[in-house]
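**Student:** Here it is, the structure in full.
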Amino acid sequence: MVGMADVTTPGGLTIVLVGAECSGKTTLARSLAARLGTPWVPEYARIYLTGRSGYTKSDVLAIARGQRRAEQSLRDTGHRLVIADTDLIVIKIWWEVRFGGSDPWLEAALEEDLAAPDRRFYLLPRPDFPWVGDPLRENPNDRAELHEHYRTLLDELGVQYLELIGSKRERLARAESAVRQMIRP
């Protein structure tokens with residue numbers, strides 16, 4: 001269900017793409033931001049991990065902090081509508097899958113983000129595009145299970161989200177329509 005919101009209220013609105021690898025999140029984030037004339041926050045993990053041969057828990061926490069800083073820097077420059085190609089929900093699931101359990105800082109930061117005045121609306125694209133490998137992708141065989149993990153967590157957190165299926169064009173049209181409904185005065 002898509003709710004109505006007014007972006008002129010304190011904090012604005014952040015549209016966040018979450019979901020399994022290779023489900024079209026980055027393409028959708030970039031395209032949606034262009035259509036709406038607003039900036040987007042790239043996935044900080046790609047910047048941080050490029051050229052590295054592996055990562056640790058401390059790297060994942062550094063990525064989480066970097067992702068939050070990048071998003072906040074756009075807020076600090078006055079942008080009321082921001083598209084984010086990931087947030088701490090993605091990093092929480094990444095942590096759970098890779099290391100098991102959770103991290104106290106990550107849990108507290110996620111809780112803080114969800115309680116902040118800037119509202120968050122999540123887009124969850126189904127991973128029904130063919131897998132395209134790259135050095136930073138790790139889960140080619142369990143994307144359906146990861147998608148269910150995301151859906152379950154979004155439901156548990158009680159956040160608004162829209163699951164997206166269909167072609168890239170259909171997903172973009174549906175996402176754009178939902179966001180425009182939310183920002184309509």
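Nothing in this text is a laboratory measurement; each read-out follows from the coordinates by a stated rule. What you see is a predicted model, and the numbers here were worked out from it, not measured in a lab. Here Cβ is always computed from backbone atoms with ideal geometry, including for glycine, and neighbour counts include all displayed protein chains.
**Student:** Using mean Cβ contacts within 10 Å as the protection proxy, how do 120-126, 149-155 order, highest first?
**Tutor:** Ranked by mean Cβ neighbours within 10 Å, highest first: 120-126, 149-155.
**Student:** Taking the highest mean first, how do the peptides 58-67, 108-117, 83-92, 21-30 order by number of other beta carbon atoms within 10 angstrom per residue?
**Tutor:** 83-92, 21-30, 58-67, 108-117
**Student:** I've got another one for you. Whose amide H sits under 5 Å from the amide H of Glu163, counting only residues 5 or more places off or on another chain, with H placed in the peptide plane?
**Tutor:** Leu124
**Student:** For a quick check: with amide H placed at 1.01 Å from N, whose amide H comes under 5 Å from Val41's, ignoring anything fewer than 5 positions away on the same chain?
**Tutor:** Here the answer is Ile83, Ala84, Asp85, since their amide H atoms fall under 5 Å of that of Val41.
**Student:** What list of ³J(HN,Hα) values in whole Hz, one per residue of the stretch 52-68 in order, does the Karplus curve 6.51 cos²θ - 1.76 cosθ + 1.60 (θ = phi - 60°) give from phi, with Gly and Pro shown as x?
**Tutor:** Karplus-based 3J(HN,Hα) across the stretch 52-68 equals 9, 8, x, 7, 10, 4, 5, 5, 5, 5, 5, 5, 4, 5, x, 5, 4 Hz.
**Student:** Quote the FRET efficiency, to the nearest 0.05, computed for Glu96 versus Arg169 with a Förster distance R0 of 41 Å and r equal to the Cβ-Cβ distance. Write down the numbers at each step before the final one.
**Tutor:** Details: r = 33 Å, r/R0 = 0.80.
Efficiency at R0 = 41 Å is approximately 0.80.
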